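Participant: Take a look at the following structure, please.
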Amino acid sequence: MHLKTNSKRRRSIGERCRDFWSTLHKKSHSLGNFIYNKEHHELFGRDGKRWSKLAAFYFCFYVVLGGMFCLYLSIFMIFLPINQPRYIGKDSQLTSRSNPFSPGLSIRPQVRLTLKDPLALIWLSSSDEKYPMNDNIEMYTKNLDDFLNNYNTNAQNSKNFTIHDVGDCNSNNHYGYTDGKPCILIKINKLIGFIPEVRKIHANNRHDDSECIGISNIPVRCMGENPFDQDMIGKIQYYSESESSDVCGSIDIKHFPYNGKDDRNNVYQTPYVWIQFRNITPHVLISVECRIFGANIFYDKIAQLGSIRFQLYLNKKI
Amino acid sequence: MFREKLKTRKHLEALKHEIDLDEHKVSINEVYRRYGTSPAMGLSDERAAVLLERDGPNDLTPMRKIPEIVRLAKNMFGGFAILLWIGAFLCFTAHFLEFYTLDDLQYDNVWIALASVIIITGFFSYYQQAKSSKIMESFKYLQACVVRHGRSRNINPEKIVIGDILEIRRGDRIPADIRIIRAHGLKVDNSSLTGESEPQARGIEYTNDDPLETRNLAFFGTFAVEGSCIGVVIRTGDKTFIGRIANLTAGIERGNTPIAIEINHFIRIITIIAIVVGLLFCICSLFLGYTYIEAVVFLISIIVAQVPEGLLATVTVCLTLTAQRMARKNCLVKNLEAIETLGSTTVICADKTGTLTQNQMTVAHFWFDNHIIASDIDAFQSQSNYLKFSHCWNALGRCAMLCNTAIFKDDSLNLSKPIVHRQCEGDASEIAILKCMEAITGNVALFRSKNPKICEVQFASSNRYQLSIHSTGDHDERYLLVMKGAPEKILKNCSTIYVDGCEIEFNTYWKKQYEKAFNELSNLGERVLAFADYRLPLNKYPRDYQFDCDTINFHVNPYYENFNFPTTGLRFLGLISLIDPPRVNVAEAVRKCRSAGIRLLMVTGDHPLTAAAIARATGIITDHNSTDVLLKNAYDNNARSCVIHGNTLKTMNKQQLDNLIKYHQEIVFARTSPQQKLIIVETCQRLGEIVAVTGDGVNDAPALKKADIGIAMGITGSDVSKQASDIILLDDNFASIITGIEEGRLIFDNLKKSICYTLSSKIPELAPFLFYMIFQIPLPLGTIAILCIDLGTDMLPAISLAYERAESDIMKRPPRDAKREHLATDRLISMSYGQLGMIQAGGGFFVYTVVMAENGFLPSRLFGLRKSWDSRSINDLEDSYGQEWTYYQRKALEDTCHTAFFVTVVIVQWTVLLCCKSRRNSLFRQGMANQVLNMSIVFETVLAILISYTPYINRGLMMYPLKLHWWFLPLPFTLLVLIYDEWRKWMIRKFPGSIIDQETSY
């Protein structure tokens, strides 16, 4: 018990310091005593016997708890469907108040993961530059090679996907990256049960797909995000399954829907479109947005639904 | 230790200083000279103005008030709030760190939420304090009559200056310390100053060295209950006796309340755990390859998840609820924390007058016909036949009614009240006799009018008797002289005694009988009055005889007894003894205190005999030895009980005092001064006791302030004592203290339960983050959800535990050992973190896994997924079934998981709450009678439903509606908590001392 009878009395600084040190000493001593008590051989207030008892108790407790957890979870897992998740489409969390049931787009190559930057950056530099950016081209090529590996199956299936006319966009050509004419692969996200519908064309359509009128498939189209980007982007060539065009690409709806795995194996080949930028302006960062258009495809630029954005940078005019 | 001693001594010196006045010793003319005044003329207005300018108004400086803003700041930044502020600051920092490094902001508004919580709870506690302190209103007194410029006039008492000549009349509150110049039967009620219950006679003569005892001084703040006087002002304002005590009281500071110490201890533990765990994982994360900034954000997140944000509010609300409950029982709590202090009290120092006793003189016994008869109505009824025919009783009753100047205040409202509550005018003992006779005979006023008073001699302290002469209404022509007074005085005047209707000689035998009765009664601590009467022979004193009482002359010279009628040779009738009786419930309360392991010390300014008698009557002393023996016990460490006179106390050194209090169980301190009260309290505190002091007088104020908890009386208490105290008993009932102790102990137990409950959700809040960091799974529980638990669903259940009834009879166990029994023990933490928390976390992870799996992410996919999951540039994250999720789609899934985890915690908390209801008893024995708690379970569930399903609210809190069956997934874990805890409690009850008992009973 501390007695503070007369607080009004002033204490000198020396006295205060002495008090402080003495209490500190007392406290550290009692703390030291608490951590290891030599007298009773106690560590943190318990001796070896009590510690081991406590450890044994907790060991048993956690073994039982962990066992119950695993048992409960495994029972639950047994009843999960094999090829499709329990909730698909509108039942699953793919559909929520902010996201309607609609696929996003994605691109390949996809190499760098950044938390901060929402946009993928594709950076090209020529080999004679001293920048160590040369690795990028190898990385991009490898990434695309890996992705396209899935398509080299021998099994014949009606749903197998191949583009016959790929122009420069092949592995031997390093997908055009060495020439400064990069090929980007665009695909629609796989969603179980989702079938895109071709949009009926209206007369006064203000949308960007106006130039793709008449295509009976799902059109794919890339543009500079801003007028400035549009000026810099140059000529774009689309290589689709059905044709190659410089107006827009297309994806056939016959590849849909995706139906999940077959006995936990991937048998589905995702349809895609090659997009080649033939003469982009170098030394300028260009923002590109690619979109697909369909009656039931929802477009959200920020959430990247029905669209994908990325940036291109060519270091030197080749 | 040395410093303490020095301080105490210095402090005592200050108190001794109080009585450094000599105005009572010097001659009255010297006083006039000193203050430049004269009894006839008084001061001049000019001089008075100068003096007023010099000394300031005659008013007590209000107790050093803590500025409102400081009090508010104390609530805002004291204790727990500071930890929360640090948390808020850390969140703020984290917010900026994330803002500049990561895109995914978790902490955007958390710091604002935290800050608002602190501010709201701060204002809440401040409001509570302000509300209770508002009741303290000091009262102003009316006018004072002073002589200035030779004319007496009424002025505002604040304007009184030293040297003023004051006229005091009966009923006045004395407005300054005065030296009496002239007095007419003046009696002052010093009870607020010294604790003496009886009014003290005051006159002009110097009788004692001690200013408090001497007759010629009267003090500021006391009341003139009888007579009148003229006096010269010698001290004003803060220099008065009471003023100095009040100032001294203001200077006393005491340490923290036990609950504050406990809460600080708890905060320390939580802080250490939070920081140690945080640093540990911060270092781990560096080894795991995270960047420094990420590691710092982790550190902050872990610390924030560990701070029980809602606990500050919970503790305040729990204390407030108890305070309200106590207010309903007439216990006004000024300082919320004091409630718990009452519960851990080990020693109560009780003042006698007004606390243990009623502070109202009452007739206790009669002695006549050689019998002692108790005065209560029951005794009278059982002996009514005997009384009806006893001539002696009739004579005594007649004498008691006639020789009595007290009257009931004459208004019909007052007269319609029960006798006990009627207001009266007159001396305390005369009032007591009046009330007693009114109760027995029915109508004293009528009897008096039938026996009109011819002449009277008033009571004076010098002659110590009063007499009056009446013409009686019983057709006896002779006048009747009745006399009442101090027994030894009356005895001298009597020659015969009236026994069994015969008037016989008052010989040695009867004198011995009288002696025996007198001793018996005074040993009971009672004040004894003797009664006598005499029929004046008709031949000498015919009907129209002029009695000359010479009253005026008598007052001037009391030794001059020149009556024209005899005052000796009277007939002795009997004795009436008076006492200030203990309050009705006190004995019961004392017994309860004792069974609760609390020692009761009586500390009073009263006489040892009276004090001991009351102590015996109330059970504070159970030793049957006589008081004289007890008085000698002071130095005998083997004795259980003792009575100590203030003078003995003065001679004791520190060691002896320690021994005195350590070895004697039952102590009565009599004739103690304010500083001695303070010493007693300090000694108890030095011995490690938690001391409660009850008191009503100004003299108690320093002790009240010094005590761990001061309890003042609401009706009889003085302002100073009320200001110095923490709790005010509005009905002055000592028994209310027992209720307070019970509530205090209960609140400690319940706070413990509340803390156990609150802490149990800390692991399920922390573990998701650790898994996120170590196993790189998508975050299972977000910060907003953590705050939803801490500040939303957990709040009401934690508070509802304050309504939990006691597990066992908490008044049958000894008080909490402040050194060993803590609010938060390692066992509580181990229990709540290591066991209950782990089960909850298990439930949470289970539901998280299920939600993920049912949407396509099987557990095997989750490990190591964090980086891709949180990367915005990946728009096609593939799940176990090949579906590809955009960033926003998977974030919606993640938020759904947060919601599910949050709901799981709520649902598992149902049974955790039920488990926290009792610490040893089975839930089935404890029952579900706590309706608030039952409601709180419903409330938290409804709140969780609202948070999950209400549009806009769920959007704001980043929650998503859950599928119905996800609500049922945690139920096995809910059940597991209940089963485990019932088993644990069963083990504790069945095998006390086993490992389970040792390690899990908190």
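Participant: So residue B:847 ticks every box in (1) among the β-branched types (Val, Ile, Thr); (2) at the interface with another protein chain (Cβ under 10 Å from one of its Cβ atoms); (3) under 19 Å from residue B:767 (Cβ atoms) but one. Which box is left unticked?
Facilitator: Unmet condition: (2).
Participant: Examine the stretch B:846-866 for a residue that is open to solvent by 10 Å² or more (accessible area, probe 1.4 Å), among the β-branched types (Val, Ile, Thr) and out of contact with any Asp or Glu (no Cβ under 8 Å at 6 or more places or on another chain), and state whether such a residue exists.
Facilitator: The answer is yes, given that some residue of the stretch B:846-866 is open to solvent by 10 Å² or more (accessible area, probe 1.4 Å), among the β-branched types (Val, Ile, Thr) and out of contact with any Asp or Glu (no Cβ under 8 Å at 6 or more places or on another chain).
Participant: Restricting to the stretch B:858-882, count the residues that are in contact (Cβ under 8 Å) with a residue 40 or more places away in the chain, in contact with a helix residue (DSSP H, G or I) (Cβ under 9 Å, 6 or more places away or on another chain) and more than 7 Å from every other protein chain (Cβ to nearest Cβ).
Facilitator: Qualifying residue count, the stretch B:858-882: 3.
Participant: Between B:639, B:589, B:596, B:612, which is under 13 Å from residue B:664 (Cβ atoms) and not acidic (Asp, Glu)?
Facilitator: Only one candidate passes the filter, namely B:639.
Participant: For residue B:673, are the conditions met, namely being at pLDDT below 85 and either surrounded by 19 or more Cβ atoms within 10 Å (Cβ to Cβ) or under 21 Å from the mean Cα position of the chain (by Cα) (or both)?
Facilitator: Yes, satisfied.
Participant: Let me confirm something: among B:933, B:969, which residue is open to solvent by less than 10 Å² (accessible area, probe 1.4 Å), of a type outside the set (Lys, Arg) and in contact with a Phe, Trp or Tyr (Cβ under 8 Å, 6 or more places away or on another chain)?
Facilitator: Selected residue: B:933, the only one of B:933, B:969 that is open to solvent by less than 10 Å² (accessible area, probe 1.4 Å), of a type outside the set (Lys, Arg) and in contact with a Phe, Trp or Tyr (Cβ under 8 Å, 6 or more places away or on another chain).
Participant: Across the stretch B:561-589, what is the number of residues that are modelled with pLDDT under 85, open to solvent by 40 Å² or more (accessible area, probe 1.4 Å) and among the acidic types (Asp, Glu)?
Facilitator: Count: 1.
Participant: Tally the residues that are out of contact with any helix residue (DSSP H, G or I) (no Cβ under 6 Å at 6 or more places or on another chain), farther than 12 Å from residue B:301 by Cβ and modelled with pLDDT of 75 or more, restricting the search to the stretch B:86-116.
Facilitator: Of the residues in that region, 5 qualify.
Participant: Separate question: Take the residues in the stretch B:495-544 that are of a type in the set (S, T, N, Q), surrounded by fewer than 17 Cβ atoms within 10 Å (Cβ to Cβ) and over 43 Å from the mean Cα position of the chain (by Cα), then tell me which one is nearest to residue B:365 (Cα to Cα).
Facilitator: Among those residues, the one meeting the criterion is B:513.
Participant: Out of (1) among the hydrophobic types (A, V, I, L, M, F, W, C); (2) modelled with pLDDT of 80 or more; (3) touching a Leu at 6+ places or on another chain (Cβ under 7 Å), the odd one out for residue B:400 is which?
Facilitator: (3)
Participant: Right, here's the next one. Given the conditions (1) under 36 Å from the mean Cα position of the chain (by Cα); (2) facing chain A (nearest Cβ under 9 Å); (3) crowded, with 18+ Cβ neighbours inside 10 Å, and given that residue B:828 satisfies all but one, which numbered condition is not satisfied?
Facilitator: That leaves (2) as the condition not met.
Yes/no per residue for (1) within 14 Å of chain A (Cβ to nearest Cβ); (2) open to solvent by 10 Å² or more (accessible area, probe 1.4 Å); (3) in contact with a strand residue (DSSP E or B) (Cβ under 7 Å, 6 or more places away or on another chain); (4) charged (D, E, K, R):
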residue	(1), (2), (3), (4)
B:231	no, no, yes, no
B:235	no, yes, yes, yes
B:240	no, no, yes, no
B:247	yes, yes, no, no
B:257	yes, yes, no, no
B:260	yes, yes, no, no
B:263	no, yes, no, no
B:269	yes, yes, no, no
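Participant: Would you be able to tell me the number of residues in the stretch B:804-832 that are more than 19 Å from residue B:262 (Cα to Cα) and not basic (Lys, Arg)?
Facilitator: The qualifying residues number 7.
Participant: Please go through the stretch B:726-752 and give me each residue that is modelled with pLDDT of 85 or more and among the acidic types (Asp, Glu), ordered by number.
Facilitator: B:726, B:742, B:743, B:749, listed by residue number.
Participant: Here's something else I'd like to know. Take residue B:653 and tell me if it is over 26 Å from residue B:343 (Cβ atoms), free of Cβ contacts under 8 Å to residues at least 12 places away in the same chain and surrounded by fewer than 24 Cβ atoms within 10 Å (Cβ to Cβ).
Facilitator: yes
Participant: Can residue B:480 be described as modelled with pLDDT under 85 and hydrophobic (A, V, I, L, M, F, W, C)?
Facilitator: No.
Participant: Given the residues B:749, B:732, which is the only one that is part of a helix (DSSP H, G or I) and out of contact with any Cys (no Cβ under 6 Å at 6 or more places or on another chain)?
Facilitator: B:749 is the lone residue from the list that is part of a helix (DSSP H, G or I) and out of contact with any Cys (no Cβ under 6 Å at 6 or more places or on another chain).
Participant: How many residues are open to solvent by 10 Å² or more (accessible area, probe 1.4 Å) and within 27 Å of residue B:883 (Cβ to Cβ) when one looks only at the stretch A:167-193?
Facilitator: Counting residues in the stretch A:167-193 that are open to solvent by 10 Å² or more (accessible area, probe 1.4 Å) and within 27 Å of residue B:883 (Cβ to Cβ) gives 2.
Participant: Here is a follow-up. State whether one or more residues within the stretch A:91-114 are surrounded by fewer than 13 Cβ atoms within 10 Å (Cβ to Cβ), among the aliphatic types (A, V, I, L, M) and within 10 Å of chain B (Cβ to nearest Cβ).
Facilitator: No, because not a single residue in the stretch A:91-114 is surrounded by fewer than 13 Cβ atoms within 10 Å (Cβ to Cβ), among the aliphatic types (A, V, I, L, M) and within 10 Å of chain B (Cβ to nearest Cβ).
Participant: Out of all the residues in the stretch B:760-778, is one or more more than 36 Å from the chain's Cα centre (by Cα) and at positive phi?
Facilitator: There is at least one residue in the stretch B:760-778 that is more than 36 Å from the chain's Cα centre (by Cα) and at positive phi.
Yes or no, residue by residue, for (1) within 14 Å of chain B (Cβ to nearest Cβ); (2) at pLDDT 75 or above; (3) at negative phi:
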{"site": "A:118", "(1), (2), (3)": "yes, no, yes"}
{"site": "A:137", "(1), (2), (3)": "no, yes, yes"}
{"site": "A:159", "(1), (2), (3)": "yes, no, yes"}
{"site": "A:164", "(1), (2), (3)": "no, yes, yes"}
{"site": "A:170", "(1), (2), (3)": "no, yes, yes"}
{"site": "A:184", "(1), (2), (3)": "yes, yes, yes"}
{"site": "A:187", "(1), (2), (3)": "yes, yes, yes"}
{"site": "A:194", "(1), (2), (3)": "yes, yes, yes"}
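Participant: Would you list the helices (runs of 4 or more DSSP H) that sit entirely within the stretch B:603-664 and hold 1 or more residues that are farther than 24 Å from residue B:520 by Cα?
Facilitator: Result: B:646-651, B:654-663.
Participant: For residue A:212, indicate whether it is in contact with a Gly (Cβ under 7 Å, 6 or more places away or on another chain) and either open to solvent by less than 70 Å² (accessible area, probe 1.4 Å) or at pLDDT 75 or above (or both).
Facilitator: Criteria not met by residue A:212.
Participant: Oh, and also: Would it be correct to say that residue A:78 is modelled with pLDDT under 90, within 27 Å of residue B:884 (Cβ to Cβ) and open to solvent by 80 Å² or more (accessible area, probe 1.4 Å)?
Facilitator: Spelling it out, it is not the case that residue A:78 is modelled with pLDDT under 90, within 27 Å of residue B:884 (Cβ to Cβ) and open to solvent by 80 Å² or more (accessible area, probe 1.4 Å).
Participant: Further, regarding this structure: Would you call residue A:73 assigned to a helix (DSSP H, G or I), under 30 Å from residue A:267 (Cα atoms), facing another protein chain (nearest Cβ under 7 Å) and hydrophobic (A, V, I, L, M, F, W, C)?
Facilitator: Yes: the conditions hold for residue A:73.
Yes/no matrix, rows are residues, columns are (1) touching a residue at least 24 places away in the same chain (Cβ under 8 Å); (2) touching a strand residue (DSSP E or B) at 6+ places or on another chain (Cβ under 9 Å); (3) open to solvent by 30 Å² or more (accessible area, probe 1.4 Å):
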{"position": "B:648", "(1), (2), (3)": "no, no, yes"}
{"position": "B:668", "(1), (2), (3)": "yes, yes, no"}
{"position": "B:686", "(1), (2), (3)": "yes, no, yes"}
{"position": "B:689", "(1), (2), (3)": "yes, yes, yes"}
{"position": "B:699", "(1), (2), (3)": "yes, no, no"}
{"position": "B:712", "(1), (2), (3)": "no, yes, no"}
{"position": "B:741", "(1), (2), (3)": "yes, yes, no"}
{"position": "B:745", "(1), (2), (3)": "yes, no, no"}
{"position": "B:753", "(1), (2), (3)": "yes, no, no"}
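The values are calculated or read from the model by the stated rules, or taken from the named source; none is laboratory data. Everything quoted here is computed from the prediction, not taken from an experiment. Neighbour counts are summed over all protein chains in view; Cβ atoms, including those assigned to glycine, are modelled from backbone coordinates with ideal geometry. In case anyone asks, the SASA skips ligands and DNA or RNA and just uses the protein heavy atoms, side chains included. Shrake-Rupley method; radii C 1.70, N 1.55, O 1.52, S 1.80 Å.
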